[in-house]
Amino acid sequence: MLKAGVLGAGHLGKIHLKLLEQSERYELIGFYDANPEYARQIESELGYKYFSDIDKLIAACDMIDVVTPTSSHHESGMKVLEAGKHLFIEKPITVTVEEAEDLITLSRKRNLKGQVGQVERFNPAFRSVADRFDNPMFIETHRLAEFNPRGTDVSVVLDLMIHDIDAILSVVKSKVKSVSASGVSVISKTPDIANARIEFENGCVANLTASRISLKKMRKARFFQRDAYISVDFLTKAVEVVRMKDAPDVPGDFDMILKNAEGEKKQIYFDNPEVQDNNAILDELETFADAIENNTRPIVNLEDGTAALDVALQIIKEFKSL
C-alpha cells in the first residue's frame, strides 16, 4: 500500500483522512495542520497521528494529499514535490496560473505524479455518460448552493463554478476562444452569483451559472450535440440521454417520430446508462494510486487543474472590467 499523509485537517481534510484510512490502497501515516491546538484535538478525538513537523510527515510518505487553504497550495505543493513525493492537491490547484506551472515543471523534472481534486469528474452520473459525448456544441450548467460562510474567502467562480469549468474542458476538445462574464457580490466581498459564457474555437458555446446564495441546491449540466441531448444531475446522480436516429420505414405503435422542415423523419429514443453509485472522493484518491503504481496519466492531472484555473481567472478578470 502507498503511504499517505494529509496536509490540512479542516472540513474537507477530515473527510480525506477518513477515506484514506478506510482505503485498501493507502496506509495513512498521519496529518499536519498549521494550528497545533486544533490538530491535537483532532488527534485526540479521531485517532489520526499528528505530525508537528511537516517535513517529517512528508519524508515518511509516498503521497501527500494537500487539503490546505488555496493560498498555501503553491508552497505546500512545491515542498511535497521537492521532497520527491507524489502530489494530490485540492481544487483550485493554486492562486495563479504561474504558481500552477511551477508545480507542473517540478513534477515533470522529478518524474512525479500530480492530481487535482476536481471531484465532479468522479461523480457516477458524469462518469456513466463519459462515452456518450461526441463534440457537444452547446452546454448549459447551473450550480446553486445555499449560503455557507465557509469558502466565501474566494469568488464563487473558484468555489463552485470551477467544477463545471473542468467538466466542460474535459469533453470539449477545442481551445477556448473567448470568455465573457458578469458577477454580483451580495453578501461577500467577492461575487456570490455569477454567469459566464465560454466560446471555443470549434464553435462550441458554454453558458455557466453559479450561486452560493440560493434557496435550494442545484448542480445540473446539459450537453447538446448532433442527434443527442445529455443531461447530468450531479446532485441526485441522475442522467438522461435523448438520441435521434433515422426513423424506420414502418414505425412501431409506440415509436416517437419527428419530421423536420425538409421532410426528414427522425426517431427519438432514450439511451440512459446505468449509474453505479460510488464515493467520488475515495474514487479520485484511489485512481491516483493506480496512476502512481502503473505509471499512467492521472484522470485530472496538474495540467487539467491549471487549464480550469486559467479559465476561472479569465472569468474573474471580466468581473473587474465591469
Practice item. Might you report the magnitude of the Cβ-based charge dipole of the chain about its Cα centre, with Lys and Arg at +1 and Asp and Glu at -1, to the nearest 20 debye? Key: 520 debye
Revision key, fill the gap. Under the rule rounded for a/c under 1.5, else prolate if a/b exceeds b/c, else oblate, using alpha carbon gyration tensor axes a ≥ b ≥ c, the stretch 65-209 is classed as oblate
Practice item. Work from the charge dipole of the chain (Cβ charges, +1 for Lys and Arg, -1 for Asp and Glu, about the Cα centre) and give the residue of Val179, Val97, Ala125 farthest towards its positive end. Key: Val179
**Study point:** Chain lengthening between Asp227 and Ile257 when straightened (0.36 nm per residue, less Cα-Cα)
**Key:** 9.5 nm
**Study point:** Percent accessible area from carbon and sulfur atoms, the stretch 18-74, protein chains only, probe 1.4 Å
**Key:** 44 percent
Review point. Is the shape of the stretch 162-251 rounded, prolate or oblate, going by the alpha carbon gyration tensor and its root eigenvalues a ≥ b ≥ c, with a/c under 1.5 for rounded and a/b larger than b/c for prolate?
Key: oblate
Revision key, fill the gap. Averaging 1/r across every pair of distinct alpha carbons in the stretch 199-322 and inverting yields a Kirkwood hydrodynamic radius, in angstrom, of 19.0 Å
Review point. Length gain on complete extension for the stretch Met78 to Gln22, per 0.36 nm per residue less the alpha carbon to alpha carbon distance?
Key: 17.4 nm
Review point. GNM, the chain, Cα, under 10 Å: largest mean-square fluctuation among Asp246, Asp227, Asp166?
Key: Asp246
Practice item. Can you work out the accessible area per residue across the chain, with the rest of the protein chains kept in place, probe 1.4 Å, in square angstrom? Key: 49 Å²
Review point. Where nothing but the Cβ of Lys and Arg (+1) and of Asp and Glu (-1) is charged, how large is the charge dipole of the stretch 64-223 around its Cα centre, in debye to the nearest 20?
Key: 400 debye
Revision key, fill the gap. Residue separation between Thr236 and Asp290 times 0.36 nm, minus their alpha-carbon distance, gives in nm 16.7 nm
Revision key, fill the gap. Under a Gaussian network model of the chain whose springs join Cα atoms within less than 10 Å, the largest fluctuation of Ile257, Ile89, Ile162 belongs to Ile257
Practice item. Please say if the chain is rounded, prolate or oblate, where rounded means a/c under 1.5 for a ≥ b ≥ c the square roots of the C-alpha gyration tensor eigenvalues, and otherwise the choice is prolate for a/b larger than b/c and oblate otherwise? Key: prolate
Point to revise | Separation in nanometres of the label points that stand 7 Å from Cα toward Cβ, at Ile213 and Arg297 | key: 4.1 nm
Point to revise | Cβ crowding within 10 Å averaged over residues, with 306-315, 113-122 ranked highest first | key: 113-122, 306-315
Practice item. Name the residue, out of Gly30, Gly203, Gly305, whose mean-square fluctuation peaks in a Gaussian network model built on the chain with Cα pairs under 10 Å. Key: Gly203
**Study point:** Within the stretch 1-44: Cβ-based charge dipole about Cα centre, in debye rounded to nearest 20 (Lys, Arg +1; Asp, Glu -1)
**Key:** 80 debye
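The values are calculated or read from the model by the stated rules, or taken from the named source; none is laboratory data. Here the structure is a predicted model, which is why all the values come from computation and not from measurement. Please note: Cβ atoms are built from the backbone with ideal geometry, for glycine as well, and neighbour counts cover all protein chains shown. What goes into the accessible areas is simple: the full protein's heavy atoms, side chains included, and nothing from ligands, DNA or RNA. Shrake-Rupley method; radii C 1.70, N 1.55, O 1.52, S 1.80 Å.
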